[in-house]
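First up is the structure itself, then whatever we jot down about it.
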Amino acid sequence: MLLVLALLVVFVAILVVQPWKMRGCRWRRDTRRLADGRVMFICMACGAQTALPKGREPKECLAGEQP
Ligand SMILES: [Zn+2]
């Protein structure tokens with residue numbers, strides 16, 4: 001019974017952390033600033049792009065979410 005509980009905890013932890021979203025993303029800030037004040041980030045590993053408000057940095061990989 002304890003083993004089942006431990007497996008459940010590990011399962012939930014994996015769902016929360018989502019390690020597959022963090023595979024080797026290296027975000028680089030694009031010097032071009034968007035019109036609404038947000039900053040563009042480009043991933044050097046997978047080429048994904050995202051725009052975030054100033055002062056924030058992307059933490060997870062967006063590979064697979066881009067068309
Ligand atoms: Zn990436």
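The numbers here are math on the coordinates, done by the rules we state, and not lab data. The shown structure was predicted, so the numbers you read here are calculated from the model rather than taken from an experiment. Quick reminder, even Gly has a Cβ in these numbers, built from the backbone with ideal geometry, and neighbours come from all protein chains shown.
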- Task: Give the peptides 44-50, 11-17 in descending order of average Cβ contacts within 10 Å, highest first.
- Result: 44-50, 11-17
- Query: Going by how many other Cβ atoms sit within 10 Å of their own, how do M1, M40 line up, fewest first?
  - Reply: M1, M40
- Between E57 and V16, the FRET efficiency computed from the C-beta separation at R0 = 25 Å comes out, to the nearest 0.05, as 0.80
